[in-house]
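Engineer: This is the structure I want to talk about, given as structure tokens.
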Amino acid sequence: MALGKPGTPGTPGKRVSSWLGLISLGAAAALVAVACADGEPPAQHTAAHPQARHTAAPPPARHTTVHPPARQSVAHPPVPPSGCTATVTLVESWPGGYRGSATISNAGGRPMRDWYIQWIMPPGVTLTQAWNGTPMQSGPVAMIHAPAGKPALPPGATVSDIGFVGAAASPPAFTQITCG
């Protein structure tokens, strides 16, 4: 099929040109609609366009964007980072020493690998020995780690047979107990 010159009335070239104009107009309208949906005004540009050949053009459509209400923050109660609870208790004391016990419970939904219990002791108090755990101390910070043979604490499980002894001039207090 032979196409006539573009712009010649009644020729296929004129129809193709008209269709391309409509497609371009549709694409521009789609871009404006997308910009309106996003709440942004359409981008302004300064390129010159050929004058459209039509009579009485309707005024450009105005749009109103309705934004949903702002999302409100909801405060959640703090969650313990380790999902465990622990106690450290003074069992008995004597001149120059003491004996304590500790428990740890896994309150989380996953096994706790290589668990630990940590607490603060008064100055001059030392942790010298432990059973059912490995003792460590750095200054006033004392810690008992899981024993080598039992490194994992299953969910919901408690280890309550942890004991320790140490040196102290008077019965010590154990504070700031944490676990993980």
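Engineer: For the stretch 113-126, check the following and say yes or no: at least one residue is part of a loop (DSSP other than H, G, I, E, B), more than 19 Å from Gly97 (Cβ to Cβ) and among the acidic types (Asp, Glu).
Structural biologist: Yes, because at least one residue in the stretch 113-126 is part of a loop (DSSP other than H, G, I, E, B), more than 19 Å from Gly97 (Cβ to Cβ) and among the acidic types (Asp, Glu).
Engineer: A further question on this structure: In the stretch 127-180, what count of residues is obtained for those that are part of a strand (DSSP E or B) and charged (D, E, K, R)?
Structural biologist: Looking only at that region, the number is 1.
Engineer: Of everything in the stretch 79-124, what is charged (D, E, K, R) and either within 20 Å of Met136 (Cα to Cα) or touching a residue at least 24 places away in the same chain (Cβ under 8 Å) (or both)? Give them in sequence order.
Structural biologist: Arg99, Arg110, Arg113, Asp114
Engineer: Can you find, within the stretch 113-133, the residue that is surrounded by the fewest Cβ atoms within 10 Å (Cβ to Cβ) among those that are more than 31 Å from the chain's Cα centre (by Cα) and of a type in the set (Ser, Thr, Tyr)?
Structural biologist: Selected residue: Thr128.
Engineer: Anything in the stretch 134-180 that is closer than 16 Å to Thr85 by Cβ and either among the acidic types (Asp, Glu) or over 33 Å from the mean Cα position of the chain (by Cα) (or both)? List them, or say none.
Structural biologist: Answer for the stretch 134-180, where residues must be closer than 16 Å to Thr85 by Cβ and either among the acidic types (Asp, Glu) or over 33 Å from the mean Cα position of the chain (by Cα) (or both): Ser160, Ile162, Phe174.
Engineer: If you take the residues in the stretch 72-106 that are modelled with pLDDT of 95 or more and more than 16 Å from Ile162 (Cα to Cα), which one is surrounded by the fewest Cβ atoms within 10 Å (Cβ to Cβ)?
Structural biologist: In this case the residue turns out to be Pro95.
Engineer: Return yes or no: is Arg110 modelled with pLDDT of 95 or more and out of contact with any His (no Cβ under 9 Å at 6 or more places or on another chain)?
Structural biologist: Details: modelled with pLDDT of 95 or more: no; out of contact with any His (no Cβ under 9 Å at 6 or more places or on another chain): yes.
The answer is no for Arg110.
The values are calculated or read from the model by the stated rules, or taken from the named source; none is laboratory data. Small disclaimer: the values here were computed from a predicted structure and weren't measured. Note that we place each Cβ from the backbone using ideal geometry, even for glycine, and neighbour counts take in every protein chain shown.
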